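Here the structure comes first, spelled out in C-alpha coordinates, and everything after it is commentary.
The values are calculated or read from the model by the stated rules, or taken from the named source; none is laboratory data. All figures in this text were calculated on a predicted structure; none of them were measured in a lab. Methodologically, a virtual Cβ is constructed for each residue, glycine included, from the backbone with ideal geometry; neighbour enumeration extends over all protein chains shown. The area values use the complete protein model at the heavy-atom level, side chains included, leaving out ligands, DNA and RNA. Shrake-Rupley method; radii C 1.70, N 1.55, O 1.52, S 1.80 Å.
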Amino acid sequence: MTIRIPVVEKILSANDRLAAENRAALDAAGVFSLNFMASPGAGKTSLIEQTVHALAGKLRIAVVDGDIATSLDADRAAAAGASQAVQINTGGDCHLDAVMLHEALPKVNLAGADLLIVENVGNLVCPASFALGTHKSVLIASIPEGDDKPYKYPSMYHGVEALVVNKIDLLPYVPFRMDFFRQGVEALNPGVITFPLSCRTGEGIEPWLNWVIQQVNLKRNL
Amino acid sequence: MHELPVSESILEIALRHAEGRRVTNLYLVIGQLSSIVDDSIQFYWDIIGQGTLAEGAKLHFRRIPTELLCLDCGQSFAPGEDSFACPACGSLKVKVAKGEEFFLESIEVET
Ligand SMILES: Nc1nc2c(ncn2[C@@H]2O[C@H](COP(=O)(O)OP(=O)(O)OP(=O)(O)O)[C@@H](O)[C@H]2O)c(=O)[nH]1
Ligand SMILES: [Mg+2]
Ligand SMILES: [Zn+2]
(Lines give C-alpha, C1' and ligand atoms only; values in the text may rest on other atoms or scores of the structure.)
(Ligands and ions follow the chains in the order given, each with its own letter.)
Protein backbone atom coordinates (compact mmCIF):
# COMPACT_ATOMS: atom_id res chain seq x y z
CA MET A 1 0.00 0.00 0.00
CA THR A 2 1.17 3.46 -0.78
CA ILE A 3 -0.22 6.84 0.14
CA ARG A 4 0.34 10.21 -1.39
CA ILE A 5 1.61 12.98 0.85
CA PRO A 6 1.36 16.62 -0.19
CA VAL A 7 4.69 18.43 0.05
CA VAL A 8 4.58 21.69 -1.94
CA GLU A 9 8.08 22.80 -1.08
CA LYS A 10 10.26 24.90 -3.36
CA ILE A 11 13.10 22.75 -4.60
CA LEU A 12 15.57 25.55 -4.11
CA SER A 13 14.38 26.41 -0.62
CA ALA A 14 17.73 25.26 0.82
CA ASN A 15 19.48 27.71 -1.51
CA ASP A 16 17.09 30.46 -0.51
CA ARG A 17 17.71 29.83 3.18
CA LEU A 18 21.45 30.12 2.68
CA ALA A 19 20.95 33.23 0.56
CA ALA A 20 19.14 34.76 3.52
CA GLU A 21 22.17 33.96 5.71
CA ASN A 22 24.47 35.63 3.20
CA ARG A 23 22.25 38.68 3.18
CA ALA A 24 22.28 38.81 6.98
CA ALA A 25 26.09 38.65 7.03
CA LEU A 26 26.33 41.48 4.50
CA ASP A 27 23.76 43.55 6.38
CA ALA A 28 25.54 43.03 9.67
CA ALA A 29 28.75 44.33 8.11
CA GLY A 30 26.95 47.25 6.44
CA VAL A 31 28.12 46.16 3.00
CA PHE A 32 25.96 46.82 -0.04
CA SER A 33 26.19 44.07 -2.64
CA LEU A 34 25.47 43.62 -6.33
CA ASN A 35 25.12 40.44 -8.39
CA PHE A 36 26.30 40.98 -11.99
CA MET A 37 24.66 38.59 -14.41
CA ALA A 38 25.07 38.43 -18.17
CA SER A 39 25.83 36.18 -21.09
CA PRO A 40 29.50 35.31 -21.66
CA GLY A 41 31.44 38.30 -22.91
CA ALA A 42 28.74 40.92 -22.35
CA GLY A 43 31.15 42.96 -20.26
CA LYS A 44 30.69 41.97 -16.60
CA THR A 45 34.39 42.18 -15.83
CA SER A 46 34.79 45.32 -17.94
CA LEU A 47 32.05 47.05 -15.96
CA ILE A 48 33.69 45.93 -12.72
CA GLU A 49 36.98 47.38 -13.94
CA GLN A 50 35.38 50.69 -14.91
CA THR A 51 33.40 50.92 -11.68
CA VAL A 52 36.32 50.04 -9.45
CA HIS A 53 38.65 52.34 -11.35
CA ALA A 54 36.29 55.30 -11.08
CA LEU A 55 35.17 54.77 -7.49
CA ALA A 56 38.30 53.36 -5.83
CA GLY A 57 38.95 56.72 -4.12
CA LYS A 58 35.40 56.92 -2.76
CA LEU A 59 34.49 53.35 -1.91
CA ARG A 60 36.30 50.25 -0.77
CA ILE A 61 35.15 47.69 -3.30
CA ALA A 62 35.48 43.94 -2.88
CA VAL A 63 34.90 41.67 -5.85
CA VAL A 64 33.94 38.01 -5.85
CA ASP A 65 34.38 36.48 -9.25
CA GLY A 66 32.61 33.33 -10.30
CA ASP A 67 34.04 31.38 -13.18
CA ILE A 68 33.97 27.82 -14.36
CA ALA A 69 37.79 27.80 -14.25
CA THR A 70 40.70 30.30 -14.13
CA SER A 71 41.16 33.39 -11.96
CA LEU A 72 41.64 35.80 -14.88
CA ASP A 73 38.64 37.95 -13.99
CA ALA A 74 39.59 38.31 -10.32
CA ASP A 75 43.07 39.34 -11.42
CA ARG A 76 41.55 41.99 -13.69
CA ALA A 77 39.40 43.32 -10.84
CA ALA A 78 42.43 43.50 -8.55
CA ALA A 79 44.50 45.23 -11.23
CA ALA A 80 41.75 47.82 -11.69
CA GLY A 81 41.97 48.73 -8.00
CA ALA A 82 39.54 46.49 -6.15
CA SER A 83 40.58 46.46 -2.51
CA GLN A 84 39.94 42.70 -2.46
CA ALA A 85 39.30 40.17 -5.21
CA VAL A 86 38.28 36.59 -4.49
CA GLN A 87 37.83 33.94 -7.13
CA ILE A 88 35.24 31.16 -6.97
CA ASN A 89 35.75 28.34 -9.44
CA THR A 90 32.48 26.55 -9.88
CA GLY A 91 34.17 23.46 -11.30
CA GLY A 92 31.76 23.17 -14.20
CA ASP A 93 28.62 24.67 -12.71
CA CYS A 94 26.87 27.16 -14.95
CA HIS A 95 25.97 29.62 -12.20
CA LEU A 96 26.87 30.70 -8.70
CA ASP A 97 24.60 29.64 -5.90
CA ALA A 98 24.18 30.70 -2.31
CA VAL A 99 26.39 27.86 -1.08
CA MET A 100 29.34 29.04 -3.17
CA LEU A 101 28.96 32.63 -1.99
CA HIS A 102 28.58 31.38 1.57
CA GLU A 103 31.93 29.61 1.25
CA ALA A 104 33.58 32.63 -0.35
CA LEU A 105 32.36 35.29 2.08
CA PRO A 106 34.75 34.32 4.92
CA LYS A 107 37.63 35.06 2.51
CA VAL A 108 36.37 38.62 2.16
CA ASN A 109 37.15 41.14 4.85
CA LEU A 110 33.65 42.60 5.00
CA ALA A 111 34.63 45.14 7.65
CA GLY A 112 37.03 46.60 5.10
CA ALA A 113 34.48 46.95 2.31
CA ASP A 114 31.64 49.31 1.43
CA LEU A 115 30.54 47.53 -1.71
CA LEU A 116 30.71 43.91 -2.79
CA ILE A 117 30.32 43.10 -6.45
CA VAL A 118 29.74 39.46 -7.34
CA GLU A 119 30.41 38.48 -10.95
CA ASN A 120 28.21 35.52 -11.77
CA VAL A 121 29.09 32.92 -14.38
CA GLY A 122 28.38 34.06 -17.94
CA ASN A 123 24.97 32.52 -18.65
CA LEU A 124 21.55 34.01 -19.35
CA VAL A 125 19.50 31.15 -17.99
CA CYS A 126 20.64 29.44 -14.83
CA PRO A 127 21.80 32.30 -12.56
CA ALA A 128 18.24 33.62 -12.55
CA SER A 129 17.06 30.62 -10.51
CA PHE A 130 19.68 30.83 -7.76
CA ALA A 131 19.45 33.68 -5.30
CA LEU A 132 22.79 34.58 -3.72
CA GLY A 133 21.61 36.91 -1.00
CA THR A 134 23.05 40.00 -2.67
CA HIS A 135 21.00 43.20 -2.35
CA LYS A 136 20.43 43.95 -6.01
CA SER A 137 20.82 42.01 -9.22
CA VAL A 138 22.16 43.77 -12.29
CA LEU A 139 21.77 42.34 -15.76
CA ILE A 140 24.36 43.44 -18.28
CA ALA A 141 23.03 43.18 -21.80
CA SER A 142 25.21 44.19 -24.73
CA ILE A 143 24.52 45.46 -28.21
CA PRO A 144 26.18 42.65 -30.23
CA GLU A 145 24.04 40.03 -28.44
CA GLY A 146 21.04 41.31 -30.33
CA ASP A 147 17.79 43.01 -29.45
CA ASP A 148 15.71 39.85 -29.04
CA LYS A 149 17.25 38.68 -25.77
CA PRO A 150 14.41 39.82 -23.47
CA TYR A 151 12.06 37.65 -25.52
CA LYS A 152 14.34 34.64 -25.39
CA TYR A 153 15.43 34.86 -21.75
CA PRO A 154 12.42 36.32 -19.96
CA SER A 155 13.23 35.00 -16.51
CA MET A 156 16.56 36.79 -16.48
CA TYR A 157 15.05 40.10 -17.56
CA HIS A 158 12.13 39.66 -15.22
CA GLY A 159 14.12 39.26 -12.04
CA VAL A 160 16.70 42.07 -11.97
CA GLU A 161 16.71 45.47 -10.24
CA ALA A 162 18.88 47.28 -12.77
CA LEU A 163 19.78 46.80 -16.42
CA VAL A 164 22.99 47.90 -18.08
CA VAL A 165 23.07 47.96 -21.88
CA ASN A 166 26.77 47.80 -22.63
CA LYS A 167 28.77 48.38 -25.83
CA ILE A 168 26.64 51.23 -27.16
CA ASP A 169 29.76 52.30 -29.08
CA LEU A 170 28.87 49.44 -31.43
CA LEU A 171 25.38 50.77 -32.26
CA PRO A 172 26.54 52.25 -35.60
CA TYR A 173 27.87 48.87 -36.71
CA VAL A 174 25.37 46.33 -35.43
CA PRO A 175 21.64 46.21 -36.16
CA PHE A 176 19.88 46.73 -32.85
CA ARG A 177 16.30 47.99 -32.56
CA MET A 178 16.42 49.80 -29.23
CA ASP A 179 12.62 50.28 -29.21
CA PHE A 180 12.00 46.59 -29.74
CA PHE A 181 14.50 45.71 -27.02
CA ARG A 182 13.03 48.19 -24.56
CA GLN A 183 9.47 47.01 -25.24
CA GLY A 184 10.44 43.50 -24.21
CA VAL A 185 12.21 44.79 -21.10
CA GLU A 186 9.33 47.05 -20.13
CA ALA A 187 6.81 44.22 -20.41
CA LEU A 188 8.82 41.92 -18.17
CA ASN A 189 10.20 44.44 -15.73
CA PRO A 190 8.22 47.68 -15.81
CA GLY A 191 10.21 50.77 -14.95
CA VAL A 192 13.49 48.92 -14.31
CA ILE A 193 16.32 51.45 -14.15
CA THR A 194 18.39 51.16 -17.32
CA PHE A 195 21.91 52.39 -18.10
CA PRO A 196 22.97 52.38 -21.75
CA LEU A 197 26.74 52.77 -21.67
CA SER A 198 30.05 51.81 -23.15
CA CYS A 199 32.82 50.38 -21.01
CA ARG A 200 35.13 51.04 -23.93
CA THR A 201 34.53 54.77 -24.48
CA GLY A 202 33.11 55.63 -21.07
CA GLU A 203 29.99 57.12 -22.61
CA GLY A 204 27.00 56.84 -20.27
CA ILE A 205 29.04 55.52 -17.37
CA GLU A 206 28.42 58.53 -15.12
CA PRO A 207 24.73 57.81 -14.36
CA TRP A 208 25.67 54.21 -13.56
CA LEU A 209 28.40 55.30 -11.13
CA ASN A 210 26.01 57.75 -9.48
CA TRP A 211 23.44 55.01 -9.02
CA VAL A 212 26.02 52.73 -7.39
CA ILE A 213 27.12 55.48 -5.01
CA GLN A 214 23.53 56.32 -4.19
CA GLN A 215 22.74 52.67 -3.43
CA VAL A 216 25.77 52.36 -1.13
CA ASN A 217 24.79 55.54 0.68
CA LEU A 218 21.21 54.39 1.12
CA LYS A 219 22.54 51.27 2.80
CA ARG A 220 24.91 53.21 5.03
CA ASN A 221 22.16 55.48 6.27
CA LEU A 222 19.86 52.65 7.25
CA MET B 1 24.85 21.89 -15.48
CA HIS B 2 23.11 22.27 -12.14
CA GLU B 3 20.98 19.18 -12.05
CA LEU B 4 23.15 17.53 -9.40
CA PRO B 5 22.48 20.04 -6.60
CA VAL B 6 18.87 20.17 -7.71
CA SER B 7 18.57 16.38 -7.43
CA GLU B 8 20.17 16.48 -3.98
CA SER B 9 17.71 19.11 -2.90
CA ILE B 10 14.77 17.03 -4.15
CA LEU B 11 16.08 14.02 -2.25
CA GLU B 12 16.50 16.00 0.96
CA ILE B 13 12.96 17.37 0.81
CA ALA B 14 11.42 14.00 -0.08
CA LEU B 15 13.19 12.07 2.69
CA ARG B 16 12.25 14.69 5.26
CA HIS B 17 8.56 14.47 4.35
CA ALA B 18 8.65 10.67 4.11
CA GLU B 19 9.56 10.41 7.80
CA GLY B 20 11.27 7.05 7.52
CA ARG B 21 8.92 5.47 4.98
CA ARG B 22 10.04 4.20 1.58
CA VAL B 23 9.40 6.70 -1.23
CA THR B 24 8.05 5.23 -4.47
CA ASN B 25 7.03 8.25 -6.55
CA LEU B 26 7.79 11.96 -6.63
CA TYR B 27 5.65 14.55 -8.36
CA LEU B 28 7.50 17.66 -9.48
CA VAL B 29 6.09 20.86 -10.93
CA ILE B 30 8.47 22.69 -13.22
CA GLY B 31 7.69 25.90 -15.06
CA GLN B 32 8.85 26.32 -18.62
CA LEU B 33 10.97 29.30 -17.63
CA SER B 34 13.04 27.35 -15.13
CA SER B 35 16.23 26.01 -16.58
CA ILE B 36 15.73 22.37 -15.78
CA VAL B 37 16.03 19.41 -18.12
CA ASP B 38 13.94 16.41 -17.08
CA ASP B 39 16.31 13.79 -18.47
CA SER B 40 19.38 14.92 -16.65
CA ILE B 41 17.54 15.20 -13.34
CA GLN B 42 16.42 11.61 -13.79
CA PHE B 43 20.01 10.64 -14.53
CA TYR B 44 21.40 12.19 -11.35
CA TRP B 45 18.43 11.04 -9.36
CA ASP B 46 19.12 7.40 -10.18
CA ILE B 47 22.63 7.82 -8.81
CA ILE B 48 22.09 9.91 -5.70
CA GLY B 49 19.01 7.95 -4.62
CA GLN B 50 21.07 4.77 -4.23
CA GLY B 51 21.21 3.43 -0.71
CA THR B 52 18.46 5.76 0.52
CA LEU B 53 14.78 5.16 1.23
CA ALA B 54 14.07 6.78 -2.13
CA GLU B 55 16.17 4.36 -4.15
CA GLY B 56 14.42 3.47 -7.39
CA ALA B 57 11.62 5.98 -6.85
CA LYS B 58 10.14 7.36 -10.03
CA LEU B 59 10.15 11.05 -10.86
CA HIS B 60 7.09 12.57 -12.53
CA PHE B 61 7.32 15.98 -14.12
CA ARG B 62 4.43 18.36 -14.64
CA ARG B 63 5.53 21.17 -16.94
CA ILE B 64 3.77 24.52 -16.67
CA PRO B 65 3.79 26.58 -19.87
CA THR B 66 4.69 30.24 -19.62
CA GLU B 67 1.66 32.46 -19.18
CA LEU B 68 1.54 36.24 -19.15
CA LEU B 69 -1.17 38.35 -17.60
CA CYS B 70 -2.20 41.67 -19.13
CA LEU B 71 -2.27 44.31 -16.39
CA ASP B 72 -4.61 46.52 -18.43
CA CYS B 73 -7.41 44.13 -19.37
CA GLY B 74 -6.71 41.01 -17.32
CA GLN B 75 -6.29 38.68 -20.29
CA SER B 76 -4.01 35.65 -19.78
CA PHE B 77 -2.01 34.55 -22.78
CA ALA B 78 1.03 32.64 -23.99
CA PRO B 79 3.87 34.93 -25.09
CA GLY B 80 4.55 35.13 -28.81
CA GLU B 81 7.94 34.38 -30.35
CA ASP B 82 9.04 37.99 -30.32
CA SER B 83 6.19 39.85 -28.70
CA PHE B 84 4.81 40.18 -25.22
CA ALA B 85 1.89 42.36 -26.34
CA CYS B 86 -1.56 41.38 -25.09
CA PRO B 87 -3.48 39.76 -27.95
CA ALA B 88 -6.74 41.20 -26.63
CA CYS B 89 -5.90 44.87 -26.15
CA GLY B 90 -2.34 45.31 -27.44
CA SER B 91 -1.05 46.51 -24.08
CA LEU B 92 2.59 45.94 -23.22
CA LYS B 93 1.98 46.13 -19.51
CA VAL B 94 2.11 42.48 -18.60
CA LYS B 95 3.51 40.27 -15.91
CA VAL B 96 4.73 36.71 -15.79
CA ALA B 97 1.86 34.79 -14.21
CA LYS B 98 3.04 31.21 -14.72
CA GLY B 99 6.18 29.42 -15.81
CA GLU B 100 8.55 30.06 -12.91
CA GLU B 101 7.27 27.22 -10.70
CA PHE B 102 9.83 24.84 -9.37
CA PHE B 103 8.64 22.71 -6.51
CA LEU B 104 7.99 19.23 -5.21
CA GLU B 105 4.22 18.90 -5.13
CA SER B 106 3.78 15.53 -3.48
CA ILE B 107 5.37 12.15 -2.85
CA GLU B 108 4.04 8.63 -2.62
CA VAL B 109 5.27 6.51 0.28
CA GLU B 110 4.79 2.93 1.36
CA THR B 111 2.72 2.45 4.47
N1 LIG C 1 33.26 47.57 -28.20
C2 LIG C 1 33.14 47.30 -26.89
N3 LIG C 1 33.70 46.19 -26.37
C4 LIG C 1 33.57 45.96 -25.06
C5 LIG C 1 32.86 46.84 -24.21
N6 LIG C 1 32.87 46.34 -22.96
C7 LIG C 1 33.58 45.18 -23.02
N8 LIG C 1 34.00 44.95 -24.28
C9 LIG C 1 34.80 43.82 -24.77
O10 LIG C 1 34.02 42.64 -24.65
C11 LIG C 1 34.85 41.51 -24.34
C12 LIG C 1 34.32 40.78 -23.14
O13 LIG C 1 34.38 41.63 -22.00
P14 LIG C 1 34.42 41.06 -20.51
O15 LIG C 1 34.33 42.22 -19.61
O16 LIG C 1 35.57 40.13 -20.34
O17 LIG C 1 33.09 40.23 -20.48
P18 LIG C 1 32.52 39.25 -19.34
O19 LIG C 1 31.05 39.40 -19.35
O20 LIG C 1 33.21 39.50 -18.06
O21 LIG C 1 32.94 37.84 -19.93
P22 LIG C 1 32.98 36.41 -19.18
O23 LIG C 1 33.38 36.64 -17.76
O24 LIG C 1 33.99 35.63 -19.96
O25 LIG C 1 31.60 35.84 -19.31
C26 LIG C 1 36.25 42.08 -24.14
O27 LIG C 1 36.96 41.88 -25.33
C28 LIG C 1 36.00 43.56 -23.89
O29 LIG C 1 37.08 44.35 -24.29
C30 LIG C 1 32.29 48.01 -24.80
O31 LIG C 1 31.63 48.84 -24.14
N32 LIG C 1 32.44 48.19 -26.15
MG1 LIG D 1 34.20 38.14 -16.80
ZN1 LIG E 1 -4.90 43.37 -22.50
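In this structure, the residue pairs whose Cα-Cα separation is over 27 Å, taken from A:LYS152/A:LYS219; A:LYS152/B:LYS98; A:LYS219/B:LYS93; A:LYS167/A:LYS219; A:LYS107/A:LYS167; A:LYS58/B:LYS93, are A:LYS152/A:LYS219; A:LYS219/B:LYS93; A:LYS167/A:LYS219; A:LYS107/A:LYS167; A:LYS58/B:LYS93.
How big is the charge dipole of the stretch A:4-220 about its Cα centre, in debye rounded to the nearest 20, if each Lys and Arg gets +1 on its Cβ and each Asp and Glu gets -1 on its Cβ?
On the way: 18 positive and 23 negative charges, 66 e Å.
For this selection, approximately 320 debye.
Rounded to the nearest whole Hz, the Karplus-based 3J(HN,Hα) values (6.51 cos²θ - 1.76 cosθ + 1.60, θ = phi - 60°) of the stretch A:67-84 follow the sequence 8, 5, 8, 6, 10, 4, 5, 5, 4, 5, 4, 5, 4, 6, x, 5, 6, 8, with x at glycine and proline. In units of the rule-of-thumb radius 2.2 N^0.38 Å, chain B shows an alpha carbon radius of gyration of 1.36.
In plain terms, the chain from A:ASN210 to A:ILE68 could stretch by 48.0 nm, reckoned as 0.36 nm per residue minus the Cα-Cα distance. Put a plus charge on the Cβ of each Lys and Arg, a minus charge on the Cβ of each Asp and Glu, and nothing anywhere else: the dipole of the stretch A:1-79 about its Cα centre is then about 220 debye. Close amide H partners of A:VAL63, meaning residues 5 or more places away or on another chain with modelled amide H under 5 Å apart, are A:GLN84, A:ALA85, A:VAL86, A:ILE117.
Tell me, what % of the accessible area of the stretch A:5-62 is carbon and sulfur with a 1.4 angstrom probe?
Numbers: 1290 of 2250 Å².
Carbon-and-sulfur percentage of accessible area, whole number: 57.
Protection proxy ranking for A:189-198, A:168-177, using the average of other Cβ atoms within 10 Å per residue and placing the highest first: A:189-198, A:168-177.
Under a Gaussian network description of chain B, with springs only between Cα atoms under 10 Å, the residue in B:GLU81, B:GLU55, B:GLU100 that fluctuates furthest is B:GLU81.
For chain A, modelled as a GNM whose springs connect Cα atoms under 10 angstrom apart, the maximal fluctuation among A:GLU103, A:GLU161, A:GLU49 occurs at A:GLU103. Straight Cα distances below 19 angstrom link B:LYS58 to the aspartates and glutamates A:GLU9, B:GLU3, B:GLU8, B:GLU12, B:GLU19, B:ASP38, B:ASP39, B:ASP46, B:GLU105, B:GLU108, B:GLU110, with same-chain residues fewer than 8 positions distant left out. You can think of it this way: the chain between B:GLU105 and B:ALA88 has 2.8 nm of extra reach, that is 0.36 nm per residue less the Cα-Cα gap.
As a test of understanding, state the convex hull volume per residue of the stretch A:58-212 from its alpha carbons, in Å³. Could you put the intermediate results ahead of the total?
Details: hull volume 18.9 nm³, N = 155.
Hull volume normalised by residue count: 122 Å³.
On a per residue basis, the convex hull of the C-alpha atoms belonging to the protein assembly as shown measures out at 150 Å³.
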